[in-house]
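Let me begin by presenting the structure, written as structure tokens, before commenting on it.
Every number here is computed from the coordinates shown, using simple stated rules; none is lab data. The shown structure was predicted, so the numbers you read here are calculated from the model rather than taken from an experiment. Backbone-built Cβ (ideal geometry, glycine too); neighbour counts: all protein chains shown.
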Amino acid sequence: MSTLSVTFLAPGRCRVEHVDSGALVATDLPPEYGGGGRSFSSTDLLAAALGSCIATSVEAVAARHGVGSGEIGVTVEKTLAERPRRVARLAVRVLLPVEPDDKLRTKLERAIGLCPVHRSLAEEVAVTVELVAQVPP
């Protein structure tokens with residue numbers, strides 16, 4: 001179990017502390033909702049949680065197939081909705097240095113589906129995940 005401490009700094013801005021480690025993250029409202037975009041928003045942190053969860057889930061499978069973790073990238077594009085205010089969509093791209101064969105693709109997709117953050121998101125958030133081979137020429 002982890003404990004997080006949130007301190008209000010200014011209108012729309014907070015500091016989040018991971019109590020066990022002392023790590024800090026500053027947050028700001030997203031520009032879409034009138035914030036300054038000076039730091040992560042709470043919805044950015046949700047997107048980051050999904051991206052890092054998928055990355056760590058994929059890394060173990062890829063490593064068993066000779067793909068190093070330094071060769072894998074993950075991007076997450078977040079789309080917000082206005083009414084009601086919420087995260088509408090998270091588009092994830094898992095960037096691989098090789099074109100996965102069917103067996104590896106199946107294992108990677110299974111690992112992605114087992115990511116606890118992905119499994120925790122409500123169905124109202126459209127989550128798409130795309131495996132993309134970025135094979136050097």
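Taking PRO100, PRO30, PRO84 in turn, the Gaussian network model of the chain (Cα-Cα springs below 10 Å) assigns the largest fluctuation to PRO84. Phi-derived couplings, Karplus 6.51 cos²θ - 1.76 cosθ + 1.60 at θ = phi - 60°, listed residue by residue for segment 69-84: 4, x, 9, 9, x, 9, 10, 10, 9, 9, 10, 9, 9, 8, 10, x Hz, with x used for Gly and Pro.
Sorted into 5 angstrom bins from 0, the C-alpha pair distances of segment 64-114 split as 4, 15, 21, 21, 13, 9, 8, 6, 2, 0 percent. Go ahead and run the numbers for FRET between GLN134 and GLU82, Cβ-Cβ distance against an R0 of 35 Å, rounding to 0.05. Efficiency, from the Cβ-Cβ distance: 0.55.
For the chain, CYS14 have no disulfide-compatible partner, since no other Cys C-beta lies under 4.7 Å from theirs. Only DSSP H runs of four or more residues enter the estimate; each adds -39500 (n - 2.57), and after division by the residues of the chain the mean residue ellipticity at 222 nm equals -9500 deg cm²/dmol. Where both bridge residues fall in the chain, DSSP classifies roughly 70% of the beta bridges as antiparallel. Taking the chain as a Gaussian network of alpha-carbon nodes connected by springs under 10 Å, the highest mean-square fluctuation of the residues ALA81, ALA47, ALA62 belongs to ALA81. Close amide H partners of ALA88, meaning residues 5 or more places away or on another chain with modelled amide H under 5 Å apart, are THR79, LEU80, ALA81.
Relative to the Cα centre, the charge distribution of the chain, modelled as +1 at Lys and Arg Cβ and -1 at Asp and Glu Cβ, gives a dipole magnitude of about 220 debye.
Against the globular-protein guess of 2.2 N^0.38 Å, express the Cα radius of gyration of segment 1-40 as a ratio, rounded to two decimals.
Values: Rg = 11.2 Å, N = 40, 2.2 N^0.38 = 8.9 Å.
In units of the 2.2 N^0.38 Å rule of thumb, it is 1.25.
Hand me the GluC sites (Glu not before Pro) from segment 1-83 located in a DSSP loop with no more than 15 other Cβ atoms within 10 Å, in residue order please. Intermediate results must be reported in sequence, preceding the final value.
Numbers: sites: GLU17, GLU32, GLU59, GLU71, GLU77, GLU82; in loops: GLU82.
Loop-located and lightly packed - GLU82.
Between THR3 and LEU45, the simple label model (points 7 Å from Cα in the Cβ direction) yields a spacing of 1.6 nm. The mean sequence distance of close C-alpha pairs (under 8 Å, at least 6 residues apart), as a share of the length of the chain, puts its relative contact order at 18 percent.
Between SER21, SER39, SER69, the GNM of the chain built on Cα springs shorter than 10 angstrom shows SER21 fluctuating the most.
The label point for CYS14 and the one for LEU95, both projected 7 Å from the Cα toward the Cβ, are 3.1 nm apart. Shown here: P(r) over Cα pairs in 10 Å bins from 0, in percent, derived from the displayed model; of the candidates (i) 11, 35, 32, 18, 4, 0; (ii) 12, 44, 30, 12, 2, 0; (iii) 11, 27, 21, 17, 12, 8, 3, 0, it corresponds to (i). Sorting CYS14, CYS53, CYS115 from the fewest to the most surrounding beta carbons within 10 angstrom yields CYS14, CYS53, CYS115.
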